[in-house]
Amino acid sequence: MTQLLSKSASTQALNKLDMPSRPRRLRRSDAIRGLVQETRLHPRDLIVPLFIAPGDRRTDEITSMPGIFRLSLDHTLREIEALCTLGIRAVDLFAYVAQEMKDSRGSEALRPDNLLAESIRTIKKEFPEILVMADIALDPYTDHGHDGIVNASGDIVNDETVEVLSEMSLLAARAGVDVVAPSDMMDGRVASIRSALDQEGFEQVSILSYTAKYASSFYGPFRDALDSKPRFGNKKTYQMNPANVREALREAELDEAEGADMLLVKPALPYLDVIAKIKERTHLPVGAYHVSGEYAMVIAGERAGWIKGDDVFLESLTSIKRAGADFILTYAAKRVLPLIQ
Ligand code: PBG
């Protein structure tokens with residue numbers, strides 16, 4: 001180092017360092033920065049989560065997620081058309097279930113013509129080329145807000161829940177879904193869903209498994225959007241402890257062995273190390289979910305005039321991709337698309 005930084009006799013007068021390696025040479029212009037850029041966001045990297053509301057002509061903005069709406073199906077179709085123009089090819093559907101239709105077992109999730117099934121059918125008919133994914137979990141459907149069946153002692157019972165999730169996946173498959181995305185964190189659900197799908201001839205339907213889904217405080221605004229806050233306790237007996245990463249690798253191994261096609265880490269920014277480590281160890285595509293709280297914080301900061309929303313979103317999504325994500329679910333898609341065309 002001393003040698004590298006030593007001043008040669010000839011440059012000494014000008015106070016120049018004798019230094020052959022100058023990384024700043026590759027940062028001099030936008031053109032050269034672009035040339036050596038290692039990670040680039042592309043519209044095809046992004047999946048847009050959509051909240052679907054029952055009824056017609058409804059556009060309810062979600063208070064804690066400004067700029068994001070619960071749209072009735074008619075408006076959802078228009079939204080998808082707009083997203084297509086911007087280069088998006090994949091959406092993930094979440095159905096809003098009115099309080100009076102929720103019960104302790106989440107029965108609405110298994111009603112053949114429920115809003116999720118109807119939406120999948122309609123969207124696939126109108127936009128056959130769009131990849132339609134459906135979130136598979138019971139929390140929007142249960143009156144207690146948990147992702148599974150609750151027994152008398154208040155435990156979320158695993159195997160019985162897995163049965164319902166497999167049924168729910170079949171319903172989505174019959175409606176024409178391309179990808180089911182179980183987000184519940186029950187043990188063994190990937191194997192069970194895979195076998196249920198295959199038995200009915202849906203071997204073409206893929207499973208995007210929420211592999212490392214953490215018991216995170218970043219989901220708050222999402223639970224406002226679907227009115228799905230847990231009414232008792234928390235989700236720590238099924239979602240992962242934010243302190244753990246080796247456990248995420250174990251989950252990844254299990255999901256892979258059970259037949260998952262793609263793995264997902266969630267949330268994204270606070271868990272970049274988890275994305276990177278899983279990516280190192282699997283040959284499956286790895287995605288990340290840039291969640292509601294991550295979105296809401298940026299909007300809040302922007303509204304206060306403290307940060308530039310567009311720049312922070314772009315930086316965040318690029319970082320998530322740099323960490324190893326092959327694709328990203330994000331509410332910021334519509335905002336960043338014009339910036340990455
Ligand atoms: C349902 C589900 C949740 C999210 C995605 N699927 C909420 C939860 O697990 O409590 C969160 C997404 C977000 O915050 O944007 N199981």
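Quick check on Ile193: is it away from the ligand (no atom under 12 Å from the Cβ), assigned to a helix (DSSP H, G or I) and more than 26 Å from Glu253 (Cβ to Cβ)? Walk me through it before giving the result.
On the way: away from the ligand (no atom under 12 Å from the Cβ): yes; assigned to a helix (DSSP H, G or I): yes; more than 26 Å from Glu253 (Cβ to Cβ): no.
Spelling it out, it is not the case that Ile193 is away from the ligand (no atom under 12 Å from the Cβ), assigned to a helix (DSSP H, G or I) and more than 26 Å from Glu253 (Cβ to Cβ).
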(request) Test Phe218 against the criterion of being closer than 25 Å to Thr122 by Cβ and within 14 Å of the ligand (Cβ to nearest atom), and give yes or no. (result) no
(request) Please name all residue pairs, on different chains or six or more residues apart, with Cβ atoms under 6 Å, provided the first residue is in the range 72-100 and is over 17 Å from Met133 (Cα atoms) and the second residue is part of a strand (DSSP E or B) and open to solvent by 20 Å² or more (accessible area, probe 1.4 Å). (result) His75/Thr59
(request) Tell me, yes or no, whether the range 58-66 has at least one residue that is loosely packed, with under 13 Cβ neighbours inside 10 Å, touching a residue at least 24 places away in the same chain (Cβ under 8 Å) and within 16 Å of the ligand (Cβ to nearest atom). (result) yes
(message) Restricting to the range 120-157, name every residue that is open to solvent by 10 Å² or more (accessible area, probe 1.4 Å) and either part of a helix (DSSP H, G or I) or of a type in the set (Gly, Ala, Ser) (or both).
(response) Arg121, Thr122, Lys124, Lys125, Glu126, Ala152, Ser153, Gly154
(message) I need the full set of residues from the range 222-257 which are within 14 Å of the ligand (Cβ to nearest atom) and without any contact (Cβ under 8 Å) to a residue 24 or more places away in the chain, in order please.
(response) Asn234, Lys236
(request) Quick one: in the range 100-142, of everything that is more than 15 Å from the ligand (Cβ to nearest atom) and of a type in the set (Ser, Thr, Tyr), which residue is farthest from Pro230 (Cα to Cα)? (result) Thr122
(message) Step by step: first the residues of the range 112-136, then only those that are more than 21 Å from the chain's Cα centre (by Cα) and among the basic types (Lys, Arg), then the one that is farthest from Asp147 (Cα to Cα). Which residue is that?
(response) Lys125
(request) Return a yes/no flag: does the range 270-278 have any residue that is open to solvent by 70 Å² or more (accessible area, probe 1.4 Å), more than 30 Å from Ser153 (Cβ to Cβ) and touching a residue at least 24 places away in the same chain (Cβ under 8 Å). (result) yes
(message) Scan the range 143-153 and tell me whether some residue there is of a type outside the set (S, T, N, Q), more than 27 Å from Phe232 (Cβ to Cβ) and away from the ligand (no atom under 16 Å from the Cβ).
(response) no
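Mind listing whichever residues of the range 207-218 are aromatic (Phe, Trp, Tyr) and either without any contact (Cβ under 8 Å) to a residue 24 or more places away in the chain or surrounded by 24 or more Cβ atoms within 10 Å (Cβ to Cβ) (or both)? Before you say what the answer is, go through the steps one by one.
First pass over the range 207-218, keeping only residues aromatic (Phe, Trp, Tyr): 210, 214, 218.
Matches in the range 207-218: Tyr210, Tyr214.
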(request) Collect the residues in the range 226-263 that are farther than 20 Å from Leu208 by Cβ and among the aliphatic types (A, V, I, L, M), keeping them in residue-number order. (result) Ala243, Val245
(request) State which residue is farthest from the chain's Cα centre (by Cα) when the search covers only the range 196-215 and only residues that are charged (D, E, K, R) and away from the ligand (no atom under 12 Å from the Cβ). (result) Glu200
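The values are calculated or read from the model by the stated rules, or taken from the named source; none is laboratory data. What you are looking at is a predicted structure, and each value in this text was computed from that prediction instead of being measured. As a convention, Cβ positions derive from the backbone with ideal geometry for all residues, glycine included, and neighbour counts pool all protein chains shown. Side chains are part of the model used for accessible areas, which takes the heavy atoms of the whole protein and leaves out ligands, DNA and RNA. Shrake-Rupley method; radii C 1.70, N 1.55, O 1.52, S 1.80 Å.
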